[in-house]
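Asks: The structure that follows is given in the form of structure tokens.
The values are calculated or read from the model by the stated rules, or taken from the named source; none is laboratory data. Only a predicted model underlies this, so the values are computations on that prediction, with no experimental measurement involved. Cβ coordinates were reconstructed from backbone atoms using ideal geometry, including for glycine residues, and neighbour counts include every protein chain displayed. Surface areas here come from the heavy atoms of the whole protein model, side chains and all, with no ligands, DNA or RNA. Shrake-Rupley method; radii C 1.70, N 1.55, O 1.52, S 1.80 Å.
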Amino acid sequence: MKLGRVIGRVVSTIKVESFEGLKLLLVQPIDEKKNTVGDPIVAAENIQSSVGDLIFYETSKEAS
């Protein structure tokens with residue numbers, strides 16, 4: 001798992017059917033000292049995260 005901070009929301013005018021009901025968030029990856037690492041990513045979520053929250057996220061095949 002990776003650590004990140006939610007820095008915004010993403011609005012999509014057209015979504016893939018399997019994404020219906022999910023929010024898209026802009027997440028800044030961070031390290032254990034809360035320093036930014038790399039570029040922000042877009043993440044789909046369904047657990048009510050909001051801007052400013054620290055989250056754990058998965059990428060690649062582990063995310064499925």
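Asks: Tell me which strands (runs of 3 or more DSSP E) are completely within region 13-64 and hold 1 or more residues being closer than 10 Å to residue 3 by Cα, or say none if there are none.
Replies: Of the strands (runs of 3 or more DSSP E) lying wholly inside region 13-64, those with at least 1 residues that are closer than 10 Å to residue 3 by Cα span 23-30, 54-57.
Asks: Kindly provide the set of residues from region 16-47 that are free of Cβ contacts under 8 Å to residues at least 24 places away in the same chain and in contact with a Leu (Cβ under 8 Å, 6 or more places away or on another chain), ordered by number.
Replies: 45
Asks: Out of the residues in region 10-28 that are over 12 Å from residue 53 (Cα atoms) and under 14 Å from the mean Cα position of the chain (by Cα), which is most open to solvent (accessible area, probe 1.4 Å)?
Replies: 11
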